[in-house]
1. Compute a Gaussian network model of the chain, connecting alpha carbons closer than 10 Å, and tell me which residue from 35, 122, 97 fluctuates the most.
2. Computed over the Cα atoms, what is the radius of gyration of the chain divided by 2.2 N^0.38 Å, N being its residue count?
3. Using only Cα atoms, locate the centre of the range 34-52 and the centre of the range 64-86, then give the distance between them in Å, rounded to an integer.
4. Give me a comma-separated list of calculated 3J(HN,Hα) values for the range 109-120, in order, Karplus coefficients 6.51, -1.76, 1.60 applied at θ = phi - 60°, integers in Hz, x for any Gly or Pro.
5. How much of the DSSP bridge set in the chain is antiparallel, in percent, rounded to the nearest 5?
6. Ranked by Cβ crowding within 10 angstrom, fewest neighbours first, how are 171, 73 ordered?
7. What's the angle, to the nearest 10 degrees (0 to 90), between helix 2-22's Cα axis and the longest principal axis of the chain?
8. Beyond 14 Å, what share of the Cα-Cα pairs of the range 137-191 remains, rounded to the nearest whole percent?
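Please treat every number below as a calculation from the coordinates, not as lab data. As the structure is a computational prediction, the values presented were derived from the model and not from experiment. Here Cβ is always computed from backbone atoms with ideal geometry, including for glycine, and neighbour counts include all displayed protein chains.
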Amino acid sequence: MAKKDNKTEKQTTEAAENVSEKNELYTVEELMKKLEISEEEKQSTLKTVEELTAQAADFKDKWYRTAAEFDNFRKRNAETRRVALEEGKTETIKKILFVGDNVERALGFEIDEKTRDGLAMLLRQFNEVMANLGLEQIDPVGEKFDPNLAEAIFTKDAENGQESGTVDSVFLKGYKMGDKIIRYAQVVVIK
């Protein structure tokens, strides 16, 4: 039997070489017919080809799914990093805002000219840095009170034709970054 297998293998190899030299394309069935393979070997070979084709399709499907999952993971990870960076930036800015508030308060006191100039320069730099970070000041003085931008901490009686419900003054400045409120302005509203 071993001799027959060797003979069949040799015939198959020679026939395959003849086919490849002609550069002709055959279906699996045509090739097996040309190679003179028995019906039993043909069925076995076809079954193996079907199994390998199914396995290749399965591997291809798994590869597509893995690639899609990795792409989704990469996108989720990028979004998570972006959100974390924004939240960290916001929290840091919230803590730093009080420094600017205190420098502004210090400018309201009686101080010598050089100290005033130094504090003014410091406040100007502080405001430039905040603006570069995308921070905008909320200054609703003279506008209708908007609870989405400010919180009323005091009310004041109207005088000299002031309109009820408008903001008279700002007690503590508010800030926003884009559409997100970082700190609500604390204001005095006219009754």
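1. 35
2. 2.47
3. If we compute the Cα centre of each part, the gap is 46 Å.
4. In residue order, the calculated couplings are 8, 7, 9, 5, 4, 5, 5, 4, 4, x, 5, 5 Hz.
5. Looking only at bridges with both residues in the chain, the antiparallel portion is about 65 percent.
6. Sorted ascending by nearby Cβ count, the order is 73, 171.
7. Rounded to the nearest ten degrees, it is 60.
8. 44
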